[in-house]
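In what follows, a structure is listed as structure tokens, so that the remarks can point back to it.
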Amino acid sequence: MRKKIVAGNWKMNKNFEEAKALVAELLGMVEAEASTTTEVVVCVPFPYLLTVQQLTAGKSIKVGAQNCSEHTSGAFTGEVSAPMLQSLHIPFVIIGHSERRQYFAESYAQLAKKTDQALANNLTPIFCCGEPLEVREKNEHEKLVKEQIEASLFHLSATDLQKVVIAYEPVWAIGTGKTASAQQAQDMHAVIRQHLASKYGAAVANSISILYGGSVNAGNAAELFACTDVDGGLVGGASLKSREFTDIVKAMKA
Ligand code: 13P
């Protein structure tokens, strides 16, 4: 059985006081909605990981990082390694967000190594894929997303692949208020699952959680989450507001 997951990606937002206040609000609200079937994750900026981890200890909210290095250790000023995250007992890490691909030129090979680092250090990678607008307009979105997955994940064993969570985030829907329709999301999630099945078999493909991301909000979450192949959401802007994020978590339960 694959897991249902609602993950917030705070990106580079909130100062420390604001971050603690948001966690306190979420603990008051999300906790009441927590179910045994839905995992709730907040992916916070590096400096807040330990505090948020401590504030949420023993509660239903799990913590994730937004990136990790492809290297284990060494002279890589400014980088944070997967072993460091593991030493803080952080369970999740986002890998290959489109903003990392776009602004930091993260390559397919680098993302394969980051995924390896995450898995070697018992972190669950939330591996992001998704096409820019011009690719969808050329009707090449399925081809590109399959390529992104193949290039950075298909070297994994079936056992390791099953530890990965995939997030489909069409770039044109991120931060734009323009969500993919439930049909567009379902179609791409089915394509992704089929692609995984072509290499790893249907049983493995069916065990992998595929989240949708891109302008998910309290108003559209229920329809998106109701799609057969949508196992949850990776939420940006709406995860910065406690009431709205809680309503998104609730939409998963419904
Ligand atoms: P928005 O929900 O703000 O569109 O961001 C989505 C996203 O990039 C989550 O990783």
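The values are calculated or read from the model by the stated rules, or taken from the named source; none is laboratory data. If you're wondering where the values come from, they're calculated on a predicted model, not measured in any experiment. Positions of Cβ are backbone-derived with ideal geometry, glycine not excepted, and every protein chain shown enters the neighbour counts. Only protein heavy atoms, including side chains, enter the accessible area calculation; ligands, DNA and RNA are left aside. Shrake-Rupley method; radii C 1.70, N 1.55, O 1.52, S 1.80 Å.
Would you mind stating whether E99 is of a type in the set (D, E), open to solvent by 20 Å² or more (accessible area, probe 1.4 Å) and over 18 Å from the mean Cα position of the chain (by Cα)? Spelling it out, it is not the case that E99 is of a type in the set (D, E), open to solvent by 20 Å² or more (accessible area, probe 1.4 Å) and over 18 Å from the mean Cα position of the chain (by Cα). Checking each residue in the stretch 49-96 for being open to solvent by 20 Å² or more (accessible area, probe 1.4 Å), farther than 16 Å from A118 by Cβ and within 18 Å of the chain's Cα centre (by Cα) picks out Q53, S60. Which of the residues that make up the stretch 168-216 are under 13 Å from L234 (Cα atoms) and of a type in the set (D, E)? Across the stretch 168-216, the qualifying residue is only E169. The residue that is most open to solvent (accessible area, probe 1.4 Å), counting only those in the stretch 218-234 that are of a type in the set (A, V, I, L, M, F, W, C), more than 12 Å from the ligand (Cβ to nearest atom) and assigned to a loop (DSSP other than H, G, I, E, B), is A226. Residues in the stretch 102-139 that are open to solvent by 10 Å² or more (accessible area, probe 1.4 Å), more than 17 Å from G64 (Cα to Cα) and small (G, A, S): A105, S107, A109, A112.
When the stretch 136-182 is examined, which residues are found to be free of Cβ contacts under 8 Å to residues at least 24 places away in the same chain and of a type in the set (S, T, Y)? Listed by number, the residues that qualify are S157, T159, S181.
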